[in-house]
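Chemist: Have a look at the structure that comes next, please.
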Amino acid sequence: MGNAPTTPVPEPPPERPPDHSDRFALRERLRKLLAVARNHKRALVLTHDNPDPDAVASACGLAFLLSQSAGIEASSAYGGIIGRAENKALLKVLHLPIVPVARLESRDHDLVCLVDTQPEVGNYSLASSELPQLVIDHHPSRPASLRAAFHDVGGKAGATSTMVTQYLRAARLEPAAELATALFYGIKSDTRDLGREVESADIDCYNWLFPLIDKPALSRIEHPAVPARYFAAYHRAYERARLHGGGEGVVVDMGSVYVPEIVPEVAEKLVSLEGLRWSLATGSYKSELYLSLRLNDRRMNAGKLVREICAPLGGSAGGHGAMAGARIPLRGRTQSLLSNDLFAAFLRAFHLKAGAGAPLVPKEP
Ligand SMILES: [Mn+2]
């Protein structure tokens, strides 16, 4: 055999992010999703740990789609805890079929689906031997997702609930009031009432869901009763918050917190301060440090910044343009020292001087 001239193998074209306004493409994606699911018997639909409403709703919505349209068993689960009062109310008021992954009765599923997160992000509770084969997420696409048998990532949607609602619509499934309310609240909370990182698909699904939702239930979810510890945590956060760069940014080390979700909640609250460009909050829960960054400044990318700073410290990080978070195991480091290191790194990234900053709330005389 001679040396046959080798023809260069053409590079595969780069994968184009899905277009969530194209109905034909949507039906085609639904067909693929169901084809992958039908090769299995029992699906586990998993969200990221300490799930937010968007994660909970999209997990329940995908499990509903799989059971109704692919005819397979599907259960939804999450790792970590649901501690924020609104999120607890979401599960309780709507009786959503989602359980802590540790409490799953049987683990004999043969299909693992991930929603609102992606393989290798590291913020979900799955044995490393279990490979997610179906991934739906509105966060920027990660290379590992493209190896899943079905993946819908990197497209334009402000919430994973929007993507799942689109699949339900394409499958001609009308969710009952409980699921519709959850998906609606998922879209509403992830886009901050359609005001942040919102896409036309979000508005379209929000409007489609609105007539289906249970309005009194939604009101009970959005205005829940909170424990006294909630006020104590806020009080401490306000007292400890420090302004930097003449009010350009605010950082707060909340100390140890009673639920991890209070950290993003406080970051979210602080970023509404007049004239502020960014807020950063940390708090520890069960030997892990939680960090949340919120930006008003659209020239920077919160997700990228948090990944760059927190990944080298052994943390898992995620997020997008205006909001991002990370979870870092303390591994013997004290919470205040790790927080201080992180604050210094973020101040550098924002081109501000290191230092103690000024109190947000001046001490009462
Ligand atoms: Mn989300």
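Chemist: Check residue 206 against each of (1) outside any helix (DSSP H, G or I); (2) within 16 Å of the ligand (Cβ to nearest atom); (3) open to solvent by 40 Å² or more (accessible area, probe 1.4 Å) and name the one condition it does not meet.
Modeler: Condition (1) is where residue 206 drops out.
Chemist: Also, I was wondering about something else. Go through the stretch 30-61 and count every residue that is more than 16 Å from the ligand (Cβ to nearest atom) and either at pLDDT 95 or above or not assigned by TED's automatic domain parsing to the domain that holds residue 153 (or both).
Modeler: Going residue by residue through the stretch 30-61, those that are more than 16 Å from the ligand (Cβ to nearest atom) are 30-44.
Applying the additional criterion that residues be either at pLDDT 95 or above or not assigned by TED's automatic domain parsing to the domain that holds residue 153 (or both) yields 30-38, 40-44.
Looking only at that region, the number is 14.
Chemist: Oh, and also: Can you pull out every residue in the stretch 311-326 that is under 12 Å from the mean Cα position of the chain (by Cα) and on the phi < 0 side of the Ramachandran plot? Let's see the steps before the verdict.
Modeler: Filtering the stretch 311-326 down to residues under 12 Å from the mean Cα position of the chain (by Cα) leaves 317-320, 323-326.
Those that are under 12 Å from the mean Cα position of the chain (by Cα) and on the phi < 0 side of the Ramachandran plot: 317, 318, 320, 323, 324, 325, 326.
Chemist: Mind telling me which of the residues 342, 352, 347 ends up being of a type in the set (A, V, I, L, M, F, W, C), surrounded by fewer than 23 Cβ atoms within 10 Å (Cβ to Cβ) and assigned to a helix (DSSP H, G or I)? Even if it seems obvious, please write down each step before you answer.
Modeler: On the way: 342 fails: surrounded by fewer than 23 Cβ atoms within 10 Å (Cβ to Cβ); 352 fails: assigned to a helix (DSSP H, G or I).
Step by step, each of 342, 352, 347 is checked, and only 347 is of a type in the set (A, V, I, L, M, F, W, C), surrounded by fewer than 23 Cβ atoms within 10 Å (Cβ to Cβ) and assigned to a helix (DSSP H, G or I).
Residue by residue, here is whether (1) part of a helix (DSSP H, G or I); (2) of a type in the set (D, E, K, R); (3) touching a residue at least 24 places away in the same chain (Cβ under 8 Å) holds:
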{"site": "189", "(1), (2), (3)": "yes, no, yes"}
{"site": "197", "(1), (2), (3)": "no, yes, yes"}
{"site": "201", "(1), (2), (3)": "yes, no, yes"}
{"site": "211", "(1), (2), (3)": "yes, no, no"}
{"site": "218", "(1), (2), (3)": "yes, no, yes"}
{"site": "234", "(1), (2), (3)": "yes, no, yes"}
{"site": "238", "(1), (2), (3)": "yes, no, yes"}
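Chemist: Search the stretch 90-112 for residues that are closer than 21 Å to residue 54 by Cα and pair each with any residue that is among the β-branched types (Val, Ile, Thr) and assigned to a loop (DSSP other than H, G, I, E, B) when their beta-carbon atoms are under 7 Å apart and the residues are at least 6 apart or on different chains.
Modeler: These pairs meet every condition: 91/82.
Chemist: Which of the residues belonging to the stretch 114-141 are farther than 25 Å from residue 221 by Cβ, within 15 Å of the ligand (Cβ to nearest atom) and touching a residue at least 60 places away in the same chain (Cβ under 8 Å)?
Modeler: Of the stretch 114-141, the ones farther than 25 Å from residue 221 by Cβ are 118-122, 126-135, 140-141.
When the remaining residues are screened for being within 15 Å of the ligand (Cβ to nearest atom), the result is 118, 121, 135, 140-141.
Passing the criteria: 121, 140, 141.
Chemist: Continuing with this model, one more query. I'm trying to understand the selection: among the residues of the stretch 281-320, which are in a strand (DSSP E or B) and within 18 Å of residue 244 (Cα to Cα)?
Modeler: Here is the first cut: in the stretch 281-320, the residues in a strand (DSSP E or B) are 281-285, 288-295, 316-319.
Residues satisfying the conditions are 281, 282, 291, 292, 293, 294, 295.
Chemist: Can you run down the residue pairs with Cβ atoms below 6 Å, 6 or more apart or on separate chains, where the first is in the stretch 286-314 and without any contact (Cβ under 8 Å) to a residue 40 or more places away in the chain and in the same structural domain as residue 325 (by TED's automatic domain parsing) and the partner is in a loop (DSSP other than H, G, I, E, B) and open to solvent by 20 Å² or more (accessible area, probe 1.4 Å)?
Modeler: 296/277; 297/277
The values are calculated or read from the model by the stated rules, or taken from the named source; none is laboratory data. Given the structure is predicted, the values throughout are model-derived calculations rather than measurements. Here the Cβ is made from the backbone with ideal geometry for all residues, glycine too, and neighbour counts use every protein chain on show. Remember, those area values only see protein heavy atoms, side chains included, never the ligands or the DNA or RNA. Shrake-Rupley method; radii C 1.70, N 1.55, O 1.52, S 1.80 Å.
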